[in-house]
Amino acid sequence: MPDKIKVAVIGVGHLGKYHARIYSGMPDVELVAVMDIDPVRSREVAGECGAQALSTIANLPARIDAVSVVVPTRDHLSVARAFLARGVHTLIEKPLASNVEEAQEIIDLAHDNGAILQVGHLEQFNPGVVRLKELAGTPRFIEAHRLGQFSKRSIDVDVVSDLMIHDIDIILSMIKSDITSIHASGCPVLTDRVDIANARIEFASKAVANVTASRVSKNAMRRIRVFAEDHYFGLDFQSQQIEEVRLGESGINTEFPDLVQNTIKVVPELPLNAELEDFIDCARTGREPLVPGQDGLMAVRIAAQIQQRISDSMKD
């Protein structure tokens, strides 16, 4: 691998432009080109980051070592195929694909061509999530809320693929057990797709996860609580700080249980920076990413089951 990893960014809208900016500031990366369906935006980001603005993938230089694919979900497979077929290491923003079949095809392309595939489940690089997973042990119950105001940026997918999939991915990384049942409900509010949803996921280990996502809420909330024996942890994704509540020395053997509350300080870090640094390190060393394609596939698979349960519930 060369001293500098040659990188391209496909799609430099709201999130993709940050990919380009971060890559352009990495000392071991050369941001070669950016491309967007909007040529004006492509030129603006390219000029800001010192890269070449392209109108089509066909115009990309012959040698690209790695690429960020930050386009609408419906285009993930077609764009990723152009790079994975050439063995280019590829980071695809979440969700990995529109459906399970396309996600599997992307994974197969990466495997067959010896390319690293990383899925952009950004919250896995949130320092609060990293610390929470170290502390939580074996969860018995997880409750997650991810509520946001309406935005037109992601209306090509429903709220399950847009927001809930973050927490699905985190829950699957914490509860290592087969899923036994999924119950879900939701409805469209402002779009023709489901805008608010709730799912209850039950595992063979007897653990349960209750997940709520909304993109039509007045106030934003991104929070997860993890309950285990004798304690629970609550994480605010935005502040990246963790609150712990546990039984004190006297336990529940008093009229009022002895509960000890504690704030676990976490050093804040920008998750996207950490994600892209991890991706570049994987491209350089060949190691497996923190969020490999199989994890992205599993999240898409569970999201699809939740979407089907919601669809069924709206027919009743």
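The values are calculated or read from the model by the stated rules, or taken from the named source; none is laboratory data. The structure presented is a predicted model; accordingly, all values stated were derived computationally and were not measured. Here the Cβ positions follow ideal geometry from the backbone for every residue, glycine too, while neighbour counts run over all protein chains shown. What goes into the accessible areas is simple: the full protein's heavy atoms, side chains included, and nothing from ligands, DNA or RNA. Shrake-Rupley method; radii C 1.70, N 1.55, O 1.52, S 1.80 Å.
Once Rg and Dmax of the Cα atoms in Å is calculated for the structure shown, the corresponding label among (1) 20.7, 73; (2) 18.6, 54; (3) 19.6, 60 turns out to be (1). Average accessible surface for the chain: 47 Å² per residue, computed with a 1.4 Å probe over protein heavy atoms with every protein chain in place. In whole percent, how big is the carbon plus sulfur part of the accessible area of the stretch 8-85, probe 1.4 Å, protein atoms only? Carbon plus sulfur share of accessible area: 53 percent.
What does the C-alpha gyration tensor say about the overall shape of the stretch 265-316? Classify as rounded when a/c is under 1.5, otherwise prolate if a/b is larger than b/c, or oblate.
Values: a/c = 4.75, a/b = 2.05, b/c = 2.32.
Judged from the Cα gyration tensor, the stretch 265-316 comes out oblate (a/c at least 1.5, b/c at or above a/b).
State the percentage of accessible surface on the stretch 155-200 attributable to carbon and sulfur atoms; use a 1.4 Å probe and exclude ligands, DNA and RNA. Solvent-exposed carbon and sulfur of the stretch 155-200 make up 51 percent of the total. Partner lysines whose Cα lies under 23 Å from the Cα of K94, excluding those fewer than 8 positions away in the same chain, are identified as K6, K17, K133, K152, K176.
The modelled label-to-label distance between D28 and V40, using points 7 Å beyond Cα along the C-beta direction, is 3.9 nm. Placing unit charges on the Cβ atoms of the charged side chains and taking the dipole of the chain about its Cα centre, the candidate lying farthest along the positive direction among I171, M26, V260 is M26. In this structure V70 has an accessible area near 20 Å², from a 1.4 Å probe over the protein heavy atoms.
Considering only alpha-carbon pairs that sit under 8 angstrom and 6 or more positions apart, the relative contact order computed for the chain is 18 percent.
Dipole magnitude of the chain about its Cα centre, charges +1 at Lys/Arg Cβ and -1 at Asp/Glu Cβ only, in debye to the nearest 20?
Values: 33 positive and 44 negative charges, 114 e Å.
In debye, rounded to 20, the chain gives about 540.
Going by alpha carbons, how many degrees (0 to 90, nearest 10) lie between the helix axis of 271-285 and the longest principal axis of the chain? The answer is roughly 60 degrees. With helices as the sole contributors, the chain gives -10000 deg cm²/dmol at 222 nm; each DSSP H run of n ≥ 4 counts as -39500 (n - 2.57), and the sum is divided by every residue. Label positions at D178 and R153, each projected 7 Å from the Cα along the C-beta direction, are separated by 3.9 nm.
One chain, two ends: A204 and K265. Fully extended at 0.36 nm per residue, the span grows by 18.7 nm beyond their Cα-Cα distance.
Arrange the residues R140, R146, R63 by how much accessible surface each exposes, largest first, with a 1.4 angstrom probe. Intermediate results must be reported in sequence, preceding the final value.
Details: R140 145, R146 10, R63 125 Å².
So the residues, ranked largest to smallest area, are R140, R63, R146.
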